[in-house]
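First the structure, in the form of structure tokens, and then the observations on it.
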Amino acid sequence: MSSDFCLLIRNARILLPTGEFLVGDVQTRGREIVQVAPEITASATQPDRVIDANGLTLLPGVIDPQVHFREPGLEHKEDLFTASCACARGGVTSFLEMPNTRPLTTTQEALDDKLRRAADKCLVNYGFFIGATPENRQDLIEAQPTCGIKIFMGSMHGPLLVDDEEGLEPIFAKGTRLIAVHAEDQGRINQRRQEFAGISDPAIHSTIQDNQAALNATQLALKLSKKYQRRLHILHMSTAEEAELLRQDKPSWVTAEVTPQHLLLNTSAYEKIGTLAQMNPPLRSLHDNEVLWQALLDGVIDFIATDHAPHTLEEKAQTYPNSPSGMPGVETSLPLMLTQAMQGRCTVSQVSNWMSMAVAKAYGIPKKGAIAPGYDADLVLVDLDNYHPVLREEVVTKCGWSSFEGWNLTGWPVYTIVGGQVVYEKGKLNTEVRGQALTFEAATNTVD
Ligand code: DOR
């Protein structure tokens, strides 16, 4: 496809950066948006393709800032091609991927390998975290390009664990790039595992890795971030206690995210879907759901991530605690959140901000997250008028299941556009499209 390919989207309900909607047209050239107007005449612009978007809503493409795409090393669960296909179906046009692949992404070499693989096979745009071990401090400072340092303070993957203050302090003290933490207290988890050993009901997972374990780790990360004014991001915040802590005291250089599952599912899910509800940090109570929602609405939590973490059904069928933690998410996150908006819990504009612009700002990703001239043409056209259930037979992720099967959702993507090219259209993927490596501006100690 030529680099000045011109797409004209007509009659869409366009979400503008102001949060208002304009019924009108958007024109792209190459990878960029060039015009947004009530009417753009096709004869003047000579587009290569026109999409009639009558009745559809045009949003900036979703940036999912926490996913596990399993390549290299764990491709029986997912790979960068299948995962990026799932992204395209879900309206996710960019992702930030975690380092717990095999080998672990803890060196420049491993990062380069992932970037090469992604350039070869990813349908959407990509960025990668570098993972902290007790040993790789210099790599954490020097590796490029990366969206940030991922620290597993708990719920570790082999050497990807730095959970004590002595190990964490030098990482916070040296360097400036963003530190993203999986905040669970591994010491407490280990102790509680022994206490509750022998119980095979997966519901015990939420008791073992309890709210206190999450709170302890978040408190420690916050303490170190404040001491060094170090840019900190708290991944998949799951408890009321952490949200209240941040509500009381959140420095301008700290951000937090929540997953749709921690907003919409709780411990009652174990009874219905068993280990398909098992993840880290675990699902919590209805009260936690409510407090997290309020924190998101109030801006205490900044944005949404899925923590897409696929495992095969065979792996999930093992008896707890042998069953692995994690659930897929990139295909369902946007319709799940837009359904909440259509049911009055929040607005469409808030959902879009939490899933695009707020993420772009927090990670310093230029030219993403808005529909305006000069921004990248990463877009999603969604249908807010029709409901359709999450069906196992329609799922694209290699793992082949969803924790939200049977949920009747609206806001499903009809078209997904990456860099001005249609990558998903009415149930069909264009697997020829390739995304690009994301770039990241240096972290500052304010994200506003
Ligand atoms: O449940 C989870 N599974 N949480 C994580 O943070 C990691 C993930 C995985 O990689 O399976």
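The values are calculated or read from the model by the stated rules, or taken from the named source; none is laboratory data. Here the structure is a predicted model, which is why all the values come from computation and not from measurement. Here Cβ is always computed from backbone atoms with ideal geometry, including for glycine, and neighbour counts include all displayed protein chains. Accessible surface areas use protein heavy atoms only, side chains included; no ligands, DNA or RNA. Shrake-Rupley method; radii C 1.70, N 1.55, O 1.52, S 1.80 Å.
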Contact list, first residue from the range 402-414 and open to solvent by 30 Å² or more (accessible area, probe 1.4 Å), second anywhere and part of a loop (DSSP other than H, G, I, E, B) and among the β-branched types (Val, Ile, Thr), beta-carbon distance below 8 Å, six or more apart or interchain, is GLU405/VAL390; GLY406/VAL390; TRP407/THR332; TRP407/VAL390
(1) part of a strand (DSSP E or B); (2) open to solvent by less than 40 Å² (accessible area, probe 1.4 Å); (3) away from the ligand (no atom under 14 Å from the Cβ) all hold for GLN66 apart from (3)
Query raised in the report: Being assigned to a loop (DSSP other than H, G, I, E, B), touching an Asp or Glu at 6+ places or on another chain (Cβ under 7 Å) and of a type outside the set (D, E, K, R), is that true of even one residue in the range 135-145?
Result: no
Within the range 85-106, restricting to residues that are farther than 26 Å from ALA256 by Cβ and touching a strand residue (DSSP E or B) at 6+ places or on another chain (Cβ under 8 Å), the one that is most open to solvent (accessible area, probe 1.4 Å) is ARG89
In the range 310-321, anything in contact with an Asp or Glu (Cβ under 9 Å, 6 or more places away or on another chain) and surrounded by fewer than 24 Cβ atoms within 10 Å (Cβ to Cβ) is listed as TYR320
Selection from the range 12-31 of residues surrounded by fewer than 17 Cβ atoms within 10 Å (Cβ to Cβ), in a strand (DSSP E or B) and touching a residue at least 24 places away in the same chain (Cβ under 8 Å) yields PHE21
Cβ pairs under 6 Å, 6+ apart or interchain, first in the range 64-75 and modelled with pLDDT under 95, second near the ligand (Cβ under 9 Å from one of its atoms) and open to solvent by less than 10 Å² (accessible area, probe 1.4 Å), ordered by first then second residue, are none
Only unsatisfied item for ASN386, checking (1) outside any loop (DSSP other than H, G, I, E, B); (2) touching a residue at least 40 places away in the same chain (Cβ under 8 Å), is (2)
ILE199 meets each of (1) out of contact with any helix residue (DSSP H, G or I) (no Cβ under 9 Å at 6 or more places or on another chain); (2) assigned to a loop (DSSP other than H, G, I, E, B); (3) among the aliphatic types (A, V, I, L, M) with one exception, condition (1)
Within the range 264-274, restricting to residues that are of a type outside the set (Gly, Ala, Ser) and farther than 21 Å from GLN66 by Cβ, the one that is least open to solvent (accessible area, probe 1.4 Å) is TYR270
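Would you check which residues across the range 32-55 are in a strand (DSSP E or B) and of a type outside the set (Val, Ile, Thr) and list them?
Matches in the range 32-55: GLU32, GLN35, ALA37, ARG49, ASP52.
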Taking the range 83-124 and keeping residues under 22 Å from CYS399 (Cα atoms), away from the ligand (no atom under 16 Å from the Cβ), of a type outside the set (S, T, N, Q) and not in a loop (DSSP other than H, G, I, E, B) leaves CYS85, CYS87, ALA88, ARG89, GLY90, VAL92, ARG117, ALA118, ASP120, LYS121
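Could we say that ASP376 is of a type in the set (Asp, Glu), open to solvent by 10 Å² or more (accessible area, probe 1.4 Å), away from the ligand (no atom under 16 Å from the Cβ) and under 21 Å from the mean Cα position of the chain (by Cα) here? Outline the logic, then answer.
Numbers: of a type in the set (Asp, Glu): yes; open to solvent by 10 Å² or more (accessible area, probe 1.4 Å): yes; away from the ligand (no atom under 16 Å from the Cβ): yes; under 21 Å from the mean Cα position of the chain (by Cα): yes.
Yes: the conditions hold for ASP376.
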Pairing a residue in the range 280-306 that is under 11 Å from THR255 (Cα atoms) with any residue that is open to solvent by 20 Å² or more (accessible area, probe 1.4 Å) and part of a loop (DSSP other than H, G, I, E, B), where Cβ atoms lie under 9 Å and the two sit 6 or more apart in sequence or on different chains, gives VAL300/LYS250; ASP302/VAL447
Can you confirm whether THR259 is at pLDDT 95 or above, within 14 Å of the ligand (Cβ to nearest atom), touching a Gly at 6+ places or on another chain (Cβ under 9 Å) and hydroxyl-bearing (Ser, Thr, Tyr)? yes
Here is a check on your reading of the model: is GLY344 away from the ligand (no atom under 16 Å from the Cβ) and either in a helix (DSSP H, G or I) or at positive phi (or both)? yes
Within the range 140-159, the residues that are at pLDDT 95 or above, within 24 Å of GLN209 (Cβ to Cβ) and among the aliphatic types (A, V, I, L, M) are ILE149, ILE151, MET153
Counting only residues in the range 147-182 that are at positive phi and open to solvent by 10 Å² or more (accessible area, probe 1.4 Å), the one farthest from the ligand (Cβ to nearest atom) is identified as GLY175
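Within the range 350-362, is even one residue outside any helix (DSSP H, G or I), under 18 Å from the mean Cα position of the chain (by Cα) and either under 30 Å from ARG192 (Cβ atoms) or at pLDDT 95 or above (or both)?
No; the residues of the range 350-362 include none that is outside any helix (DSSP H, G or I), under 18 Å from the mean Cα position of the chain (by Cα) and either under 30 Å from ARG192 (Cβ atoms) or at pLDDT 95 or above (or both).
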Query raised in the report: Is it true that ASP288 is more than 20 Å from MET156 (Cβ to Cβ), more than 19 Å from the chain's Cα centre (by Cα) and surrounded by fewer than 18 Cβ atoms within 10 Å (Cβ to Cβ)?
Result: no
GLU331 passes all but one of the listed conditions (1) part of a loop (DSSP other than H, G, I, E, B); (2) crowded, with 19+ Cβ neighbours inside 10 Å; (3) within 16 Å of the ligand (Cβ to nearest atom); the exception is number (3)
